[in-house]
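Visitor: Shown below is the structure under consideration.
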Amino acid sequence: MERSGGGAHSDEERLPLQQGLETERAAAEAKQPRSRFGRATVRAALAVCFVAIPAVLLLQRWQAGSPPEWLFEIEPPAGGDRDIQDDLPDDMSPSQQIGYDKFLGGLLIEGFNEISCRSRYQFARYHKNSTRIPSSYLLERLRRQEALQKKCGPGTRSYMQAVQHLMSGQGINMTDCNYLFLTIHAGLGNRMLEIASAFLYALLTNRILLLDRYKEIGDLFCEPFPGTSWLIPADFPLNYGEFTQSSPESYGNMLQNKVVGGNTDRSLSGSRPPYVFLYLDGNYEFHDKLFFCEDDQQFLQGVPWLIMRTDMYFIPSLFLIPSYQDELSRLFPEKDAVFHHLARYLFHPTNSIWYSVTRYYRSYLARADKRVGIQIRIFEKEGILQRNGKFPHVLQQILSCAQKEKLLPETSMTDDAATATENNRTIAVLTTSLTSWYSDQIREKYTEHRAVDGTRVEVYQPSHEEYQRSRNKKHNMKAVAEIYLLSMTDVLITSGFSTFGYAAQGLSGLTPWIMFRSENHVVPDPPCRRAMSIEPCFHQAPYYDCKAKRNGDLGKVVPFVRHCEDVSWGLKVVNQTQL
């Protein structure tokens with residue numbers, strides 16, 4: 001549902017520290033001279049000031065300027081906004097004895113301002129220690145990439161020279177600073193997958209990754225690279241917003257028109273063009289897909305600027321390019337942990353989002369004995385961009401999956417409270433959906449009928465937007481917050497084909513139970529299945545075998561790239577060693 005923006009004094013803005021601000025006003029009023037109660041009033045004012053100071057200091061620690069924004073229109077229960085996980089102060093001082101790895105096995109480094117991006121070093125505080133350890137070679141390559149980003153990023157002499165060459169329109173040879181500029185246009189889940197894909201490609205090809213600054217990335221995520229920015233400067237000279245699949249700059253169009261030689265010869269006499277536009281959206285065509293062929297990669301290596309448009313997780317096809325396979329194996333010995341490591345390295349929610357995530361977690365989820373995340377995405381006849389319907393078969397599928405896999409307890413068939421075994425366990429169910437109907441129905445079921453084992457089941461849903469509005473900043477901020485909340489659960493049920501669920505499972509490292517899409521409004525049998533890996537699916541993977549130069553089954557080329565459980569024609573990376 002649409003939210004009003006509100007000004008600096010709106011209730012929504014003031015909600016997190018409302019009591020503290022009110023006491024400040026009381027203290028100010030108390031300083032006014034009073035004829036009969038002067039001394040008592042001064043004493044009361046001093047006492048109130050001492051109460052207000054911690055709230056003010058907390059506000060200053062969170063974010064300079066206005067209070068952090070509370071994105072979810074729910075007032076937490078009294079006393080709920082307390083960190084019961086540990087007694088560490090919010091500033092996360094390195095001198096504290098911290099019982100978790102805030103650097104995520106070396107993915108992150110010291111040197112960032114912790115107050116400006118609190119999620120960077122607090123992420124591990126709300127997640128179980130991952131069993132997936134990043135390789136020493138991945139850490140080495142990340143440090144080299146950080147140095148490259150700093151050396152060649154916006155504002156440097158190298159960047160300005162590269163832009164001047166770009167404006168000249170003249171082909172030049174490769175230098176130490178070559179760029180991959182990712183334009184962004186898709187929904188939040190797709191954005192995270194495409195950014196991770198582009199970053200890995202930049203890492204493999206020694207390019208600087210830059211992102212479209214006009215797509216709210218700076219409002220959603222902190223900068224991941226120290227001492228530089230990954231946002232393209234506002235004065236970037238190309239009008240990239242007008243690039244389409246049929247633009248002359250499109251690589252597929254260049255191939256089709258034989259601007260760069262025939263289908264089997266990508267060589268050009270002399271230097272490469274200053275830039276090439278790569279169209280890799282889901283509706284891309286044959287010549288665009290040749291991007292994933294060895295010969296084409298050799299040609300693109302010589303282009304200083306690559307401008308990429310994609311809405312997909314194309315990493316599985318990178319594993320099929322022979323020249324990258326050895327490097328990828330060294331980077332990721334556990335091949336099914338690619339997105340897991342890249343997402344934890346790249347994506348750190350901004351303070352306003354992180355404030356909402358941690359406050360909601362502390363208020364509703366932290367005290368539970370078990371946390372079950374259920375990500376619900378409807379792909380019925382209304383369509384994913386229309387109002388979500390109330391589909392009883394989807395509700396039945398959710399409950400069948402959760403109870404069959406013993407993620408949630410069965411409910412008693414009678415209303416007799418004595419039939420249920422008493423225990424003190426609590427399960428917190430976190431649901432995310434564009435509609436609240438499913439969470440309301442699950443809550444009602446466990447309210448009207450007790451669990452057979454006496455477990456108390458509490459159901460929560462942070463927001464229900466009714467429609468997907470991928471161009472709305474606040475909608476996207478809520479989406480980021482809910483992805484991170486899902487990643488903080490103990491077990492995860494996701495909707496097949498949904499990139500939102502892929503992002504959550506990758507961040508958490510949890511192997512999810514995937515609910516299959518139904519046909520003819522009938523609950524699938526089985527209603528869900530445990531995923532082969534935590535990797536996302538490449539929905540529109542090419543099926544052209546570059547080596548054989550004909551169509552083929554690319555899910556049977558190497559043992560670690562298979563077809564997805566939820567998208568039979570898609571590809572995903574798994575940790576298998578035999579076909």
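Each reported figure results from applying straightforward, stated rules to the coordinates on display, with no laboratory input. Quantities reported herein were computed from a predicted structural model and do not represent experimental measurements. Quick reminder, even Gly has a Cβ in these numbers, built from the backbone with ideal geometry, and neighbours come from all protein chains shown.
Visitor: What list of ³J(HN,Hα) values in whole Hz, one per residue of region 531-544 in order, does the Karplus curve 6.51 cos²θ - 1.76 cosθ + 1.60 (θ = phi - 60°) give from phi, with Gly and Pro shown as x?
Guide: 5, 5, 7, 8, 6, x, 9, 8, 5, 10, 5, x, 10, 8
Visitor: Based solely on C-alpha atoms, express the radius of gyration and the Dmax of region 109-182 in angstrom.
Guide: 17.5, 52
Visitor: Fully extended, how many nm does the chain gain between residue 109 and residue 259 (0.36 nm per residue separation, minus their Cα-Cα distance)?
Guide: Gain on extension, residue 109 to residue 259, equals 49.5 nm.
Visitor: Separate question: Can you pull the one-decimal nm distance between simple spin-label points at residue 545 and residue 137, each 7 Å off the Cα toward Cβ?
Guide: It is 2.7 nm.
Visitor: Right, another one. Hey, rough spin-label estimate for residue 393 and residue 244, points 7 angstrom out along Cα→Cβ, what's it come to in nanometres?
Guide: Here the modelled spin labels are 3.8 nm apart.
Visitor: For region 463-579, what D do you get in µm² per second when you plug the Kirkwood radius from alpha-carbon pairs into Stokes-Einstein at 37 °C and 0.692 mPa s? Show your work: numbers first, answer last.
Guide: Values: Rh = 15.9 Å.
It comes out at roughly 206 µm²/s.
Visitor: Using amide H atoms built in the peptide plane, which far-off residues or other-chain residues are under 5 Å from residue 308 H to H?
Guide: 181, 182, 183, 278
Visitor: On to the next question. Under 28 Å Cα to Cα from residue 572, which lysines show up? Leave out anything in the same chain fewer than 8 places away.
Guide: Leaving aside lysines fewer than 8 places away in the same chain, those within reach of residue 572 are 128, 215, 289, 335, 381, 404, 406, 478, 547, 549, 556.
Visitor: Using 7 Å Cα-to-Cβ label points, what is the residue 406/residue 520 separation (nm, one decimal)?
Guide: Between residue 406 and residue 520, the label points sit 3.4 nm apart.
Visitor: Next up: Relative contact order, percent, of region 275-383 when contacts are C-alpha pairs under 8 Å separated by at least 6 residues? The partial results should precede the final answer.
Guide: Details: 53 pairs, mean separation 23.6, N = 109.
Relative contact order of region 275-383: 22 percent.
Visitor: Now, a different point. Gain in length, residue 424 to residue 156, computed as 0.36 nm per residue apart minus the alpha-carbon separation, to one decimal in nm?
Guide: Details: separation 268, 0.36 × 268 = 96.48 nm, distance 5.99 nm.
Separation in residues times 0.36 nm, less the Cα-Cα distance, equals 90.5 nm.
Visitor: Next up: Rounded to the nearest 0.05, what FRET efficiency is calculated for residue 511 and residue 235 with R0 set to 45 Å and r the Cβ-Cβ distance? It would help to have the intermediate numbers written out before the result.
Guide: Numbers: r = 45 Å, r/R0 = 1.01.
E between residue 511 and residue 235, to the nearest 0.05, is 0.50.
Visitor: Pairwise over distinct Cα atoms, reciprocal of the mean inverse distance: report the Kirkwood radius of region 146-204 in Å, one decimal place. Spell out each step's value before the answer.
Guide: Values: mean 1/r = 0.0762 Å⁻¹.
When all Cα pairs of region 146-204 are included, the Kirkwood radius is 13.1 Å.
Visitor: Tell me, what is a quarter of the convex hull surface for the C-alpha atoms of region 187-265, in nm² with one decimal? Write out the running numbers ahead of the final one.
Guide: Numbers: hull surface 28.6 nm².
Averaged projected area of region 187-265's Cα convex hull equals 7.2 nm².
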